[in-house]
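Nothing in this text is a laboratory measurement; each read-out follows from the coordinates by a stated rule. Just so it is clear, the structure is predicted and the values come from calculations on it, not from any experiment. Glycine also receives a Cβ, built like all others from the backbone with ideal geometry; neighbour counts cover every protein chain displayed.
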Amino acid sequence: MDQEAYLSMLAEDDSLVYEVYEIKRPEVAGELMLGLSVVHPGRIGREYFMTKGHYHTVLDTAEVYYCLRGEGYMVMQTPDGDTSVESLRPGKVLYIPPRWGHRSVCTSRQEDLVTFFAYPGNAGHDYGTIEQLGFRKLVVEGENGPEIIDNPRYRS
Ligand code: PAN
Ligand code: ZN
């Protein structure tokens, strides 16, 4: 959201925001891709560190996330304009139905947000749509903790 904060932070240090560890399986229907996503704590301006976010190229494929550590949110939306933001806490299982783009956001102050994920081998990743349009909702730090707001830079 905050381009100024982004550029000044980047000029100082190109720090690692998140890591993904995958057990690679053949990218075909019937297989499952699985692994761990680790989003580090931090913010750019008021906006918490997050993953790039994507739709699955085969839009009709679902995904399951299981939160192992840390606190955060899964920001989700469909191409039709529906939005949903679900909290992530250790022990929580989050099912992402087919057609829902998704991004995870770490709101812990010091801890990584660690999630296990599994999705169909033929799903593929479409990053371009989110790169161009953004997500409709953002998670930012408010006076009393995380707040979900409309993305002022969302391009419809
Ligand atoms: C996850 C994500 C992972 C990183 O494996 O790929 O959390 O997020 P980005 O892919 O948005 O950078 C997943 O949802 N796979 O489909
Ligand atoms: Zn996915």
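Of note:
- Fraction of alpha-carbon pairs over 13 Å apart in the range 91-135 - percent: 69
- Only one residue of T83, V58, V38 has its Cα farthest out toward the positive end of the dipole of the range 1-140, where Lys and Arg carry +1 and Asp and Glu -1 on Cβ, and that residue is T83.
- Along the chain, longest interval not containing exposed trypsin sites (Lys or Arg not before Pro), exposed being DSSP loop plus at most 16 other Cβ atoms within 10 Å: 110-152
- Gyration tensor (alpha-carbon) shape descriptor, the range 12-120, a/c threshold 1.5: prolate
- Histogram of C-alpha separations across the range 59-156, 5 Å bin width, %: 3, 12, 22, 23, 21, 14, 4, 1, 0
- Rounded to 10°, Cα long-axis angle of helix 3-12 versus longest principal axis of the chain: 90
- Modelled label reach - L7, point 7 Å along Cα→Cβ, the range 126-156 residues with backbone N closer than 11 Å: none
- For the chain, a crude dipole built from +1 on the beta carbon of Lys and Arg and -1 on the beta carbon of Asp and Glu, taken about the Cα centre, is about 320 debye to the nearest 20.
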